[in-house]
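Take a look at the structure set out below.
The values are calculated or read from the model by the stated rules, or taken from the named source; none is laboratory data. If you're wondering where the values come from, they're calculated on a predicted model, not measured in any experiment. No Cβ is skipped: glycine too gets one built from the backbone with ideal geometry, and neighbour counts run over all protein chains shown.
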Amino acid sequence: MPDDFEEIVVGAIDATNGVIRDDQENGYSYEMLYGILLTPEWLERCGYMKYVGNTGQEIYKPPVGSMALYKLAGSKDWIIGANDFSGGYLNLCTISYLHQLQNLYFALTDEELKIKH
């Protein structure tokens, strides 16, 4: 990602000929777009609550459901885990970007993930 990256594009509504247009008709080349890295701050803005597990690991639980996100030490990826009902989590997949979380949330709940400003 370029150091001078400043703008966040939301609400892309049209994608043709290698250009994405937002709701204000601004055009962006695919090469200019980068995913938003998932961070604890983004998780909290999405309604996830931070908990500390038995091992001291930070775990983020969603507004609905029993799946959680957590990181292993030194990893850039977040692990999506489902409660295994024995006090632990069954690792399902890994994600790195906000749009991946939004897509997964929608696929599981049939609702858009709300993001606080």
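Starting from residues that are modelled with pLDDT of 80 or more and not in a loop (DSSP other than H, G, I, E, B), keep the ones in region 1-41 and report whichever is nearest to HIS99 (Cα to Cα).
Among residues in region 1-41 that are modelled with pLDDT of 80 or more and not in a loop (DSSP other than H, G, I, E, B), the one nearest to HIS99 (Cα to Cα) is LEU37.
Taking the residues in region 62-106 that are under 24 Å from TYR34 (Cα atoms) and hydroxyl-bearing (Ser, Thr, Tyr) as candidates, determine which candidate is modelled with the lowest pLDDT.
Among them, the one singled out is SER75.
Of everything in region 67-90, what is under 18 Å from GLN100 (Cα atoms) and not aromatic (Phe, Trp, Tyr)? Give them in sequence order.
MET67, ALA68, LEU69, LYS71, SER75, LYS76, ASP77, ILE79, ILE80, GLY81, ALA82
Please go through region 97-116 and pick out each residue that is touching a residue at least 60 places away in the same chain (Cβ under 8 Å) and either surrounded by 15 or more Cβ atoms within 10 Å (Cβ to Cβ) or not assigned by TED's automatic domain parsing to the domain that holds GLY47 (or both).
TYR97, LEU98, GLN100, LEU101, LEU113, LYS114, ILE115, LYS116
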